[in-house]
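Structure, as structure tokens:
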Amino acid sequence: MRTAGAYFAALLAPFERFLLPAGAGAPAPLLLEEAEGPGYVRQRWQLELYAGMPLGVYVLRPSGPGAAARGEQDTDADAARVLGSGVPSARPTVLAIHGHGYGSRQLVGLKADGTVDTDRTDGHAHFGETLARLGANVVVPDILGFGPRRSAADLEPAENSACASLTSHLSALGLSLAGARAAELIGVLDSLPALGLDASARLGVAGHSGGSLLAVVTALANRRISAVALSGYVNTFAQSILAMRHCPCNYLPGLLRVGEMPDLLAALAPRHLLVEGGTADPIFPIAGFRTAVVQLREAYAAAGAAGSFLAVEHDGDHRVDGGTIHPALVATLTRGSVGCT
């Protein structure tokens, strides 16, 4: 039986050869705008990783004590003063991945039209902002098929994504949308130095819903990621995507031949895995979350990494809470801690 890492690496492989080499064949990133946010500086960049398919990326840089002046990268000395002795010299970086909706603006305090979201009722809870205020540099890419990354044919009011059309066309070629998206996300990670971020900094990934699926795929295909935080996704396949209607992008070819969801997530051990589930989540039900958590605790204990797994419940529905897992993620990355206590 294939390992989870080998399976996901194979999903990405057909797309990786189409990525423009960072710093060589790819156009230089273009800084489009910069603005002050509450506790951070928000930059909007344009990258082009697949030829002819530019993508937008937000970078949130903490602007609290020890952060560099506006527009400048944190220096090692700045970061060391903030984080204390015996810790990595650079601020950690978190790749934050949105799910279904209007795109990366859902994570950075903005509405779909780019204005400030004062209501803040979106289920993503603008968690990119939270991570930045906790002290991480946060990278928020536009995911292929959402928001501005849809074709004219996929902009009908009834459609909030291009997932159905992209999945059907790619499946006809024996390919997956998750593979295309995750390969591009790894290209974003390769581009961190061009975005003014330290490539040697500890790296984490956080996602919500479909963004959590991509966080898992990306982390299992790329060992640079040392900690993973997942909202609105952890479950069993039997009790979630196989039990009710879900977006086609959740269904990956041959996935169940590799294992159930807890089996796949357990392959992240001994890396840190921080998960949360809502007791009223209708599409990733709490019963499935609890089943997965029991199995993951056992798997992490068997791997000698019990302290690297953290699971919490909140009393909401299919949304980000983040009150526990996001501070734990940033603390884990900044201190290089062994456990999640």
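Could you tell me how many of the residues in segment 220-234 are touching a residue at least 12 places away in the same chain (Cβ under 8 Å) and not in a strand (DSSP E or B)?
Number of matching residues: 7.
Sort through GLY323, GLY304 and tell me the only one that's surrounded by fewer than 20 Cβ atoms within 10 Å (Cβ to Cβ) and at positive phi.
Values: GLY323 fails: at positive phi.
Every option except GLY304 fails the conditions.
When only residues in segment 297-327 that are in contact (Cβ under 8 Å) with a residue 60 or more places away in the chain and part of a helix (DSSP H, G or I) count, which is farthest from the chain's Cα centre (by Cα)?
Taking the candidates together, the pick is PRO327.
Those residues that are of a type in the set (A, V, I, L, M, F, W, C), more than 9 Å from ASN235 (Cβ to Cβ) and crowded, with 16+ Cβ neighbours inside 10 Å, I need them from segment 292-301; list them, please. Spell out how you get there, then give the answer.
Initially, segment 292-301 is screened for residues of a type in the set (A, V, I, L, M, F, W, C), giving 292-294, 296, 299, 301.
Filter once more, keeping what is more than 9 Å from ASN235 (Cβ to Cβ): 293-294, 296, 299, 301.
Within segment 292-301, VAL293, LEU296, ALA299 meet the criteria.
Can you tell me how many residues within segment 23-64 are surrounded by fewer than 19 Cβ atoms within 10 Å (Cβ to Cβ) and of a type in the set (A, V, I, L, M)?
Qualifying residue count, segment 23-64: 8.
Could you count how many residues in segment 235-270 are more than 19 Å from ARG290 (Cβ to Cβ) and not in a loop (DSSP other than H, G, I, E, B)?
Matching residues across segment 235-270 total 7.
Identify, by number, the condition in (1) closer than 30 Å to ALA267 by Cβ; (2) of a type outside the set (A, V, I, L, M, F, W, C); (3) modelled with pLDDT of 90 or more that PRO88 doesn't meet.
In the conditions (1) closer than 30 Å to ALA267 by Cβ; (2) of a type outside the set (A, V, I, L, M, F, W, C); (3) modelled with pLDDT of 90 or more, PRO88 misses (3) alone.
Report yes if ALA96 is crowded, with 18+ Cβ neighbours inside 10 Å, at pLDDT 95 or above and of a type in the set (A, V, I, L, M), otherwise no.
When the stated conditions are applied, ALA96 passes them.
Which one of ALA194, ALA178 is assigned to a helix (DSSP H, G or I) and buried (at least 21 other Cβ atoms within 10 Å of the Cβ)?
ALA178
Please count how many residues of segment 328-341 are outside any loop (DSSP other than H, G, I, E, B) and either crowded, with 19+ Cβ neighbours inside 10 Å or over 20 Å from the mean Cα position of the chain (by Cα) (or both).
Qualifying residue count for the region: 7.
Table: residues versus (1) closer than 22 Å to ALA13 by Cβ; (2) surrounded by 24 or more Cβ atoms within 10 Å (Cβ to Cβ); (3) touching a residue at least 24 places away in the same chain (Cβ under 8 Å).
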| site | (1), (2), (3) |
| --- | --- |
| LEU189 | yes, no, yes |
| PRO248 | yes, no, yes |
| LEU252 | yes, no, yes |
| GLY259 | yes, no, yes |
| PRO270 | no, no, yes |
| ARG290 | no, no, no |
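Working only within segment 136-173, note down all residues that are within 17 Å of the chain's Cα centre (by Cα), at pLDDT 90 or above and either exposed (fewer than 12 other Cβ atoms within 10 Å of the Cβ) or part of a loop (DSSP other than H, G, I, E, B) (or both).
ALA136, ASP142, ILE143, LEU144
The values are calculated or read from the model by the stated rules, or taken from the named source; none is laboratory data. Keep in mind that this is a model prediction, so the values were computed, not measured. A quick note on method: Cβ atoms are made from the backbone with ideal geometry, for glycine too, and the neighbour counts reach across all protein chains shown.
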